[in-house]
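Colleague: The structure is given below, and queries will be raised subsequently.
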Amino acid sequence: MTGSKTNPGRYFEDFRLGETIVHATPRSLGPGERALYIGLTGSRFAVQSSHDFARAIGYASAPLDDLLVFHIVFGRSVPDVSLNAVANLGYAEMRFGATVHDGDSLTASSTVIGLKENSSRETGTVYVRTEGCNQRGDVVLSFVRWVMVRKRDKAAPAPAAVVPQLAESSTLDLPALLPETIDLAGYDATLGGSAYLWEDYAPGERIDHLDGMTIEESCHMTATRLYQNTAKVHFNQHAEKDGRFGRRIVYGGHVISLARALSFNGLANGFRVAAINAGRHVNPCFAGDTVYAWSEVKAKTELPGGRAGALRLRTIATKNRPCTDFPSEGHEVLLDLDYTVVMPRR
Amino acid sequence: MTGSKTNPGRYFEDFRLGETIVHATPRSLGPGERALYIGLTGSRFAVQSSHDFARAIGYASAPLDDLLVFHIVFGRSVPDVSLNAVANLGYAEMRFGATVHDGDSLTASSTVIGLKENSSRETGTVYVRTEGCNQRGDVVLSFVRWVMVRKRDKAAPAPAAVVPQLAESSTLDLPALLPETIDLAGYDATLGGSAYLWEDYAPGERIDHLDGMTIEESCHMTATRLYQNTAKVHFNQHAEKDGRFGRRIVYGGHVISLARALSFNGLANGFRVAAINAGRHVNPCFAGDTVYAWSEVKAKTELPGGRAGALRLRTIATKNRPCTDFPSEGHEVLLDLDYTVVMPRR
Amino acid sequence: MTGSKTNPGRYFEDFRLGETIVHATPRSLGPGERALYIGLTGSRFAVQSSHDFARAIGYASAPLDDLLVFHIVFGRSVPDVSLNAVANLGYAEMRFGATVHDGDSLTASSTVIGLKENSSRETGTVYVRTEGCNQRGDVVLSFVRWVMVRKRDKAAPAPAAVVPQLAESSTLDLPALLPETIDLAGYDATLGGSAYLWEDYAPGERIDHLDGMTIEESCHMTATRLYQNTAKVHFNQHAEKDGRFGRRIVYGGHVISLARALSFNGLANGFRVAAINAGRHVNPCFAGDTVYAWSEVKAKTELPGGRAGALRLRTIATKNRPCTDFPSEGHEVLLDLDYTVVMPRR
């Protein structure tokens, strides 16, 4: 009777269409996560940095960073969904809901919405919709992701293929993005970090975020542990030395956070991530790499109430290559992210 | 008049049997220590991660990790007890008391309970009982440790040898482990991370915790500074390059924390450390090492009230060696720990 | 329309004498910053470590470390003042005001008090007075610093040179240092960490702080990001590999914090930094360097109320050189700091 009590991770055969998996380790967030997230990413958005600034626009306190919330919810799902994943293939329909504040406790669950065995019969693609809720049951985040998972037994029969239809862009959770309590008349753009507001951005505009951030093993591992994400490739050099790259791989979410933090320089007033429409980790990132980023404005939408607008952005992160010429392809591209932020209007 | 105001650390001659040393720097713990502890160890126990989960079983809020409390109390004692230690020889009779919650302030003191000069007359063994208390005077932790300390003067007379009788196992502080307010009927094992509860474990059972965690200099130093542990060997590469190993040594307590965090995979519902019966740092650990761990169930005890039981465990941590075959000896073994955890019953 | 929305930093021509620049990203501080600051520096001062200890002398809660407050205020000013700085030339007249407590939100602004083009016409010196305030408008910190900044255009006309007269020593903000609520009768020197109080120090006395702390890339970058200090030289190895030193430079403020933390061993009861009279970063510091420090007592002043005194100190930090012989010159000297601390009297 040995080893039987550890979590081996689910194989393709272990997923049932329609089942909902409640993930372990609910998590409270608070001032510790806020400070550590700033310390690990250098994020400077005013709404998440200052209770006073947040209160001036109607929040009860500074919300925690949207991407921190994403990492926490995502991290919960790893042991149940992607421990035996060969690859994280993508995500879609990610939308952010209620803001998370100090002391809130999050739980997460995932529902299997698609299953498709691959032609090799050695792996299959699993589609899940993952949802995070606070202690009042408000949804703070919902997204679809799909991963390629190993089969335990190649010969095992596979269910009929079901591939969900995924929207090209996320819907926005408008009541949560702009609840009635929020009044952007109190938004101080000087303190926000930029004179540029929603009206000042135009579709097609490109912004080089200029700065670069070098990643250390200790930094990405501490971030990923903070999220209680247990994917082995980020932590175990003894195993990875014999792996595909000979070294630990940086959690792709850490690259997203760094790109978002760098984007402050040019998009400082984009204070809330409303949605991630699509995202792709194009190449792996390793300790020692320096992350740069640039963004293109894809589209603009007015939001109800007249005080804010949404900017749909494409942000590209690169490694060891400044983004002066807006690179979008090649081995130096780490991330290609399509997401939407909320920005105050004049 | 130079240098006279610094703490040179106590030599063997400076300890008096029966004296109690009050340690400096009382310490408040809170959300910052909680987040940083998770970030540095990856610990995932639900009770310590979520206020909501903790409240469901009767805590006023999520207690801080028991080992964090240990490190804080231990850290206080270092400048007074072990600054001139040649070796940390062992600890015993460690029992955890009142849980520590956000905002609690801890103080620590040590009483000298044994002194024995070594035959070389150059060193002696000092036994202390160290106790940590919260701001209400409740004991949060009590343990005995013994260290080999240099004599200032080989010729100095030594007191008559007194060696305390130490119990083979710690007693449990039951009123603190299971106060009346705790009701484990509210314990949700799914959120806890495992379907296995106290009844499911059997003496002799061995569990390989599977995962490995590589240690970076920055991670172990940040952890050890967080505990305000000042032992020089962890921090000063300039001095250690000429020392015994040519490099900094990882604080042994960090290895204990990593082993406990890894043990979540197999022992997820062992939500409180009740006692450490004995512990030995078998070999030194260095940055770059990957820590693995396995555990054996040594004994099971019912606890009053019928809702929980104690598991006495032996956990072995290794470096750079997976624990598939349960190694317990050799240069790859870092830690051999005999401790007791509380787990809910069905 | 590319790149136009990023902050290029001000050039010499962009500063106007007398203008006040309000800095972006107001910042709340709390238990997360407290824990992370301890984790990154190892600071052990009792007043900042324990709410209970702080309350015993009349604080409502433990104040946050004065140097953490300095780094936060300084960090805010970097994007507006020193992004194009060739060199940070010095600071003066730094005085600490109201203590900062958990949940306080800080804002910062800088007023241009001097401008002087250099003879090369390629750069100029900018003098600013930077002030940090809490959410009630109380000043928490005020200081002058001057930096050498590039001109955008060598041929651009320069304003008439104005160089402010700077005091040789900072005045003390006594009402803030010793408000009526503070009663040092409750100060417990044993818990404070040293038997030595203000009376025990004599001008001319030198103290070797003994311990050394090795800096890792991850530690100094996490500290500097925590302060949201965006100076590129600390973070971007890809750019710095071709720079003056071939590597990232440690934020000089991190060295100040380490020197202050090391000074606990010898100056444990110097519980508040009252002022920094002058400071010079003598040589650059890099990851891998081990920081040591020593201090000389320059002067002593009684403070009103009879319970406390001020010690004016010179603290020298070195790299890779123990301070047994009190070195004050040479390539191993990192920092030469003239500052004033408050210490209880008998």
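Residue by residue, here is whether (1) at pLDDT below 95; (2) of a type outside the set (Phe, Trp, Tyr); (3) under 24 Å from B:LEU64 (Cα atoms) holds:
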{"position": "C:ARG27", "(1), (2), (3)": "no, yes, no"}
{"position": "C:GLY30", "(1), (2), (3)": "no, yes, yes"}
{"position": "C:ALA35", "(1), (2), (3)": "no, yes, yes"}
{"position": "C:SER43", "(1), (2), (3)": "no, yes, yes"}
{"position": "C:ASP52", "(1), (2), (3)": "no, yes, yes"}
{"position": "C:TYR59", "(1), (2), (3)": "no, no, no"}
{"position": "C:SER82", "(1), (2), (3)": "yes, yes, no"}
{"position": "C:ALA85", "(1), (2), (3)": "yes, yes, no"}
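Colleague: Continuing with the same structure: Can you tell which of B:GLY270, B:GLY253 is away from chain C (no Cβ under 14 Å), assigned to a helix (DSSP H, G or I) and either open to solvent by less than 10 Å² (accessible area, probe 1.4 Å) or at positive phi (or both)? Before you say what the answer is, go through the steps one by one.
Modeller: Values: B:GLY270 fails: assigned to a helix (DSSP H, G or I).
Sole residue among the options that is away from chain C (no Cβ under 14 Å), assigned to a helix (DSSP H, G or I) and either open to solvent by less than 10 Å² (accessible area, probe 1.4 Å) or at positive phi (or both): B:GLY253.
Colleague: Let me ask something additional. Looking at the structure I just gave you, is B:SER105 at negative phi, more than 13 Å from chain C (Cβ to nearest Cβ) and out of contact with any Cys (no Cβ under 6 Å at 6 or more places or on another chain)?
Modeller: Against the criterion (at negative phi, more than 13 Å from chain C (Cβ to nearest Cβ) and out of contact with any Cys (no Cβ under 6 Å at 6 or more places or on another chain)), B:SER105 does not qualify.
Colleague: For the range B:192-216, what are the residues that are in a helix (DSSP H, G or I) and out of contact with any strand residue (DSSP E or B) (no Cβ under 7 Å at 6 or more places or on another chain)? Outline the logic, then answer.
Modeller: From the range B:192-216, those in a helix (DSSP H, G or I) are B:192, B:198-200; that's our starting set.
The answer is B:GLY192, B:GLU199, B:ASP200.
Colleague: Of all residues being out of contact with any Gly (no Cβ under 9 Å at 6 or more places or on another chain) and more than 7 Å from chain C (Cβ to nearest Cβ) in the range A:202-221, which is most open to solvent (accessible area, probe 1.4 Å)? Just the residue, please.
Modeller: Ranking the candidates gives A:PRO203 first.
Colleague: Looking at (1) surrounded by fewer than 24 Cβ atoms within 10 Å (Cβ to Cβ); (2) more than 30 Å from B:THR190 (Cβ to Cβ), which is the only condition B:VAL81 fails?
Modeller: Evaluating B:VAL81 over (1) surrounded by fewer than 24 Cβ atoms within 10 Å (Cβ to Cβ); (2) more than 30 Å from B:THR190 (Cβ to Cβ) leaves (1) as the failure.
Colleague: Still on this structure, I have one more. Does the range C:222-241 hold any residues that are part of a helix (DSSP H, G or I) and facing another protein chain (nearest Cβ under 7 Å), and which are they? I'd like the intermediate steps shown before the answer.
Modeller: Residues of the range C:222-241 that are part of a helix (DSSP H, G or I), as a first pass: C:222-226, C:232-234, C:237-240.
Of everything in the range C:222-241, those that are part of a helix (DSSP H, G or I) and facing another protein chain (nearest Cβ under 7 Å) turn out to be C:THR222, C:ARG225, C:LEU226, C:LYS232, C:GLN237, C:HIS238, C:ALA239.
Colleague: Let me spell it out: the conditions are (1) closer than 20 Å to B:LEU40 by Cβ; (2) surrounded by fewer than 22 Cβ atoms within 10 Å (Cβ to Cβ); (3) modelled with pLDDT under 95; (4) not small (Gly, Ala, Ser), and B:HIS281 meets all of them except one. Which number is the exception?
Modeller: B:HIS281 satisfies every listed condition except (2).
Colleague: Working only within the range B:67-108, note down all residues that are part of a strand (DSSP E or B), out of contact with any Asp or Glu (no Cβ under 6 Å at 6 or more places or on another chain) and of a type in the set (A, V, I, L, M, F, W, C).
Modeller: Selection gives B:ALA85, B:VAL86, B:ALA87, B:LEU89, B:ALA92, B:MET94, B:LEU106, B:ALA108.
Colleague: Can you tell me which residues in the range B:192-201 are at the interface with another protein chain (Cβ under 9 Å from one of its Cβ atoms), open to solvent by 30 Å² or more (accessible area, probe 1.4 Å) and in contact (Cβ under 8 Å) with a residue 12 or more places away in the chain?
Modeller: B:GLY193, B:TYR196, listed by residue number.
Colleague: Return only the number of the condition from (1) more than 29 Å from A:THR25 (Cα to Cα); (2) β-branched (Val, Ile, Thr); (3) part of a strand (DSSP E or B) that A:ILE182 does not satisfy.
Modeller: Every condition holds for A:ILE182 apart from (3).
Colleague: Something else: Out of the residues in the range C:8-32 that are among the hydroxyl-bearing types (Ser, Thr, Tyr) and within 24 Å of A:HIS209 (Cα to Cα), state the one that is surrounded by the most Cβ atoms within 10 Å (Cβ to Cβ).
Modeller: Out of the qualifying residues, it is C:THR25.
Colleague: Would you point out the residue of the range B:87-96, among those that are farther than 20 Å from B:GLN228 by Cα and surrounded by fewer than 20 Cβ atoms within 10 Å (Cβ to Cβ), that is modelled with the lowest pLDDT?
Modeller: Restricting to residues being farther than 20 Å from B:GLN228 by Cα and surrounded by fewer than 20 Cβ atoms within 10 Å (Cβ to Cβ), the top hit is B:LEU89.
Colleague: Now for a separate question. Please enumerate the residues belonging to the range C:1-49 that are over 30 Å from A:TYR201 (Cα atoms), in contact with a helix residue (DSSP H, G or I) (Cβ under 8 Å, 6 or more places away or on another chain) and among the small types (Gly, Ala, Ser).
Modeller: Those that are over 30 Å from A:TYR201 (Cα atoms), in contact with a helix residue (DSSP H, G or I) (Cβ under 8 Å, 6 or more places away or on another chain) and among the small types (Gly, Ala, Ser): C:GLY30, C:GLY32, C:ALA35, C:GLY39, C:GLY42, C:SER43, C:ALA46, C:SER49.
Colleague: A further question on this structure: Determine, yes or no, whether C:ARG346 is open to solvent by 10 Å² or more (accessible area, probe 1.4 Å), in contact (Cβ under 8 Å) with a residue 24 or more places away in the chain and not in a loop (DSSP other than H, G, I, E, B). Break it down stepwise before answering.
Modeller: Values: open to solvent by 10 Å² or more (accessible area, probe 1.4 Å): yes; in contact (Cβ under 8 Å) with a residue 24 or more places away in the chain: yes; not in a loop (DSSP other than H, G, I, E, B): no.
When the stated conditions are applied, C:ARG346 does not pass them.
For every residue, the table says whether it meets (1) part of a loop (DSSP other than H, G, I, E, B); (2) β-branched (Val, Ile, Thr); (3) open to solvent by 20 Å² or more (accessible area, probe 1.4 Å).
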| position | (1), (2), (3) |
| --- | --- |
| B:GLY243 | yes, no, yes |
| B:ARG247 | yes, no, yes |
| B:ASN277 | no, no, no |
| B:ALA287 | yes, no, no |
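Colleague: Looking only at the range B:173-188, decide whether some residue is surrounded by fewer than 21 Cβ atoms within 10 Å (Cβ to Cβ), within 9 Å of chain A (Cβ to nearest Cβ) and more than 21 Å from B:GLY97 (Cβ to Cβ).
Modeller: The answer is yes; a qualifying residue exists.
Colleague: What number of residues within the range B:106-127 satisfy the criterion of being open to solvent by less than 30 Å² (accessible area, probe 1.4 Å) and in contact with a Leu (Cβ under 8 Å, 6 or more places away or on another chain)?
Modeller: 8
Colleague: Has the range B:306-319 got at least one residue that is surrounded by fewer than 24 Cβ atoms within 10 Å (Cβ to Cβ), free of Cβ contacts under 8 Å to residues at least 24 places away in the same chain and in a loop (DSSP other than H, G, I, E, B)?
Modeller: Checked the range B:306-319: no residue is surrounded by fewer than 24 Cβ atoms within 10 Å (Cβ to Cβ), free of Cβ contacts under 8 Å to residues at least 24 places away in the same chain and in a loop (DSSP other than H, G, I, E, B).
Colleague: Take the residues of the range B:109-123 that are polar (S, T, N, Q) and in a strand (DSSP E or B): which is farthest from C:GLY193 (Cα to Cα)?
Modeller: B:THR123
Colleague: More than 7 Å from every other protein chain (Cβ to nearest Cβ) and modelled with pLDDT under 95, is that true of B:VAL69?
Modeller: no
Colleague: Among all residue pairs at least 6 apart or on different chains, which show Cβ distances below 9 Å where the first residue, located in the range A:5-26, is free of Cβ contacts under 8 Å to residues at least 12 places away in the same chain and the second is surrounded by fewer than 18 Cβ atoms within 10 Å (Cβ to Cβ) and in a loop (DSSP other than H, G, I, E, B)?
Modeller: Partner pairs satisfying both residue conditions: A:LYS5/B:ALA195.
Colleague: Mind checking which residues of the range A:329-343 are more than 14 Å from chain C (Cβ to nearest Cβ) and either among the small types (Gly, Ala, Ser) or touching a residue at least 12 places away in the same chain (Cβ under 8 Å) (or both)?
Modeller: Selection gives A:GLY330, A:HIS331, A:VAL333, A:LEU335, A:ASP336, A:LEU337, A:ASP338, A:TYR339, A:THR340, A:VAL342.
The values are calculated or read from the model by the stated rules, or taken from the named source; none is laboratory data. Keep in mind it's a predicted model, so treat the numbers as computed, not measured. Using ideal geometry, Cβ is built from the backbone for each residue, glycine included, and neighbour counts are taken over all protein chains shown. Remember, those area values only see protein heavy atoms, side chains included, never the ligands or the DNA or RNA. Shrake-Rupley method; radii C 1.70, N 1.55, O 1.52, S 1.80 Å.
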